[in-house]
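The structure appears right after this line, and notes come after that.
The values are calculated or read from the model by the stated rules, or taken from the named source; none is laboratory data. Worth saying up front: this structure is predicted, and the values here are computed from it rather than measured. When we count neighbours, we look across all protein chains shown, and the Cβ atoms used for this are built from the backbone with ideal geometry, even at glycine.
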Amino acid sequence: MIIHCTKKLFIKLPEQLTQSATQSITSIGLLEQWQHWHANVINIQRKQCVILVHDATRYVVFLPAMTKDKLSDLDLHFQDVFINSLMKAGLDTNLIDKATRYLMTDTLELDTTCNRSVQGTMRLMAGELDWSLKYDGKHIDDIAIYSTSAWLSDRPCNIKDQKDCIWPIKAMTELLQQLPNISVTEPNTSVTSDLKH
């Protein structure tokens with residue numbers, strides 16, 4: 001799992017996360033589209049939050065109130081909100097189980113390589129959430145975390161050099177359907193796949 005961080009976020013992350021890491025899951029030929037996310041740190045109502053957007057599908061994972069301690073466990077918070085938001089988005093249980101297995105076999109790698117198109121999506125999503133909170137008179141601490149990520153993902157997104165817009169939930173569903181099935185024997189150690197090498 002490769003998260004392309006803005007420099008603003010990268011400098012806030014603990015050293016153990018920003019050091020180089022290998023990706024065990026690439027050894028089974030995992031589709032590259034699954035691996036890449038972008039992330040940025042934003043301030044909403046004086047709370048430090050992290051927003052992540054999946055490059056290929058533009059699916060959103062929103063992590064509110066990310067303190068310094070929480071940032072050290074960024075991968076765990078990401079996994080929790082991502083999987084539970086898929087449930088809120090109404091994905092089939094089999095697809096959620098598949099996403100969970102992939103996350104269990106993957107290691108986290110961070111860099112500062114960014115795509116302007118994905119960054120644009122992040123800015124739009126962050127702005128939409130901030131505006132919605134102000135309009136509804138809600139506090140960031142009172143939002144339903146999993147539902148918020150699903151809500152942000154339930155809208156059309158434009159991608160540079162692509163004629164038609166995509167719907168993130170639908171696109172993530174289709175990507176998970178295309179990924180080969182894997183079975184996990186032990187986390188981060190051994191993986192079998194039905195994808196031929």
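Across the range 32-89, which residue is nearest to Asp142 (Cα to Cα) among those that are in a loop (DSSP other than H, G, I, E, B) and of a type in the set (Lys, Arg)?
Here is the first cut: in the range 32-89, the ones in a loop (DSSP other than H, G, I, E, B) are 45-46, 55-59, 64-67, 72-73, 89.
With of a type in the set (Lys, Arg) added as a condition, the list becomes 46, 58.
Values: Arg46: 14, Arg58: 25 Å.
Out of the qualifying residues, it is Arg46.
Do you know which of the residues in the range 161-197 that are assigned to a loop (DSSP other than H, G, I, E, B) and at pLDDT 90 or above is farthest from Leu86 (Cα to Cα)? Reasoning before the result, please.
Looking only at the range 161-197, we keep the residues that are assigned to a loop (DSSP other than H, G, I, E, B), and these are 161-165, 167, 179-181, 187-189, 194-197.
Next, only the ones that are at pLDDT 90 or above stay: 165, 167, 179.
On the way: Cys165: 20, Trp167: 14, Leu179: 16 Å.
So, considering only residues that are assigned to a loop (DSSP other than H, G, I, E, B) and at pLDDT 90 or above, the one farthest from Leu86 (Cα to Cα) is Cys165.
Yes or no: the range 66-73 includes at least one residue that is in contact with a helix residue (DSSP H, G or I) (Cβ under 6 Å, 6 or more places away or on another chain), under 21 Å from Cys114 (Cα atoms), surrounded by 16 or more Cβ atoms within 10 Å (Cβ to Cβ) and not hydroxyl-bearing (Ser, Thr, Tyr).
No, because not a single residue in the range 66-73 is in contact with a helix residue (DSSP H, G or I) (Cβ under 6 Å, 6 or more places away or on another chain), under 21 Å from Cys114 (Cα atoms), surrounded by 16 or more Cβ atoms within 10 Å (Cβ to Cβ) and not hydroxyl-bearing (Ser, Thr, Tyr).
Considering only residues of the range 103-144 that are farther than 20 Å from Leu9 by Cα and surrounded by 15 or more Cβ atoms within 10 Å (Cβ to Cβ), which is nearest to the chain's Cα centre (by Cα)?
Only one residue fits best here, namely Leu103.
How many residues are part of a helix (DSSP H, G or I) and either acidic (Asp, Glu) or in contact with a Phe, Trp or Tyr (Cβ under 6 Å, 6 or more places away or on another chain) (or both) when one looks only at the range 90-111? If you could, list the steps in order and put the result at the bottom.
Filtering the range 90-111 down to residues part of a helix (DSSP H, G or I) leaves 93-105.
After this cut, where a residue has to be either acidic (Asp, Glu) or in contact with a Phe, Trp or Tyr (Cβ under 6 Å, 6 or more places away or on another chain) (or both) as well, the list is 97.
Number satisfying all stated conditions: 1.
I need a count of the residues in the range 128-157 that are of a type in the set (S, T, N, Q), farther than 22 Å from Arg46 by Cβ and part of a helix (DSSP H, G or I).
Step one: filter the range 128-157 for residues of a type in the set (S, T, N, Q), giving 132, 147-149, 153.
Those left that are additionally farther than 22 Å from Arg46 by Cβ: 147, 153.
With part of a helix (DSSP H, G or I) added as a condition, the list becomes 147.
The qualifying residues number 1.
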